[in-house]
Structure formats: C-alpha cells, structure tokens
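Participant: What follows is a single structure, and I will ask about it in a moment.
What follows is calculated from the coordinates using simple rules that are stated; it is not laboratory data. Just so we're clear, the structure is a prediction, and the values are computed from it rather than from any experiment. FYI the Cβ positions are ideal-geometry reconstructions off the backbone, even for glycines, and counts take in every protein chain you see.
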Amino acid sequence: MRFIGRALLASVFVLGACGGGEQQGAATTTTDTAAAAPAAQSTTPAATTSGAPITGTRHRVEMVMNANGEYRYVPSNITVKAGDAIDFVNVSGGPHNVAFDATKIPTDVQQALEANMPGEKMGPLMGPLVLEPNAVYTISFGGITPGTYDFHCTPHMSFGMAGTVTVQ
Ligand SMILES: [Cu+2]
C-alpha cells in the first residue's frame, strides 16, 4: 500500500507540473483556413495515426525510478479491454520506453500492436524513447486479441523494468 500511495503522490505532482510543457511549432507551411486556428494547449498526445482508434478507457502507467533506485512501471500488471489505451507517463528516471517481447506474441497480434504503436520505433515492437519529463506514450489496444503480453523498458531491461498487460 505504501507503494500505491507513493504513486498517487507522484500523480498529483505530475498534474501540478504539467503547465510548463514546450510548445514548439513545427509547422512551417500555412493554409488559408489554418491561419486563425488556435495552438494546441493540451499535453494529451495525439491519437495513434495508423493503428486502431481508442474507443474505451485510458489507463495510466507511470514509468519511474522509485525511492529505492529501482526502475519500474507502476502498476506493472494492468488489465485492459480491447479498445482501451494505456498512457505511459515518464515520471522519473527516464528515458524509458515500452517494448513488447515479440517472441512470445502471436504474429497477428504483433502486427496489430505494431500498428498501434506510434512514433519512430527503435525496432520491431520497440517504442521510441520517452525523453521529456511528464511526456506520455500512448498505446491503443484497439483490435488486440485477448491475451497476456509482456513488455519491458529497453534502457532498463537489465534493471528489471518490466510489466504485463492483459487484454480481456
Ligand atoms: Cu526505463
């Protein structure tokens, strides 16, 4: 229970600290209709572009270095329904990422997960490094066959930073 309490405290801290995010305008081209569009204010990441849409609950998993110097996902075991998503939040000790253990996942599920993992991946089923504090990496579990899938953090694999997602 102490561990959960710590995670809740960390959540409060994140909520209080997320006003200072960088807003770097990457767009260098303009269109007639876009000129007056307000800049995006939210730090919520964009929906996945190539994968299945998020139709259910968004779950939160924090990526942390805890008070004992251990690298962990909190929670490390999470159950979702197909169509839910997990927001993986870089709370402390980063960079972190989310990499699925492909050898233990059926090929069709691998393909669906691959499509649901946005960004410039480090390799097959190996999500990009999440560098910025409080940055979020979102994975949709839309279209994912029910099952139990193991994942780990590539930089901290040898430190035991690993988790399991069960899709119902
Ligand atoms: Cu890590």
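Participant: What does the convex hull of the alpha-carbon atoms of segment 85-157 project to on average, in nm²?
Facilitator: On the way: hull surface 18.4 nm².
Mean projected area for segment 85-157: 4.6 nm², to one decimal.
Participant: Right, another one. Rounded to the nearest 20 Debye, what is the dipole magnitude of segment 77-168 about its Cα centre when Lys and Arg each give +1 and Asp and Glu each give -1 at the C-beta?
Facilitator: On the way: 3 positive and 8 negative charges, 22 e Å.
The calculation lands at about 100 debye.
Participant: Give me the extension gain from N68 to K104: residue separation times 0.36 nm, minus the current Cα-Cα distance, reported in nm with one decimal. Display every interim value, and only then the final one.
Facilitator: Numbers: separation 36, 0.36 × 36 = 12.96 nm, distance 3.03 nm.
Taking 0.36 nm per residue and subtracting the Cα distance, the gain is 9.9 nm.
Participant: Before anything else, pin down the relative contact order of segment 81-168: Cα pairs under 8 Å, at least 6 apart, normalised by residue count, whole percent. Mind showing how you got there, number by number?
Facilitator: Details: 169 pairs, mean separation 35.9, N = 88.
Once divided by the residue count of segment 81-168, the mean separation gives 41 percent.
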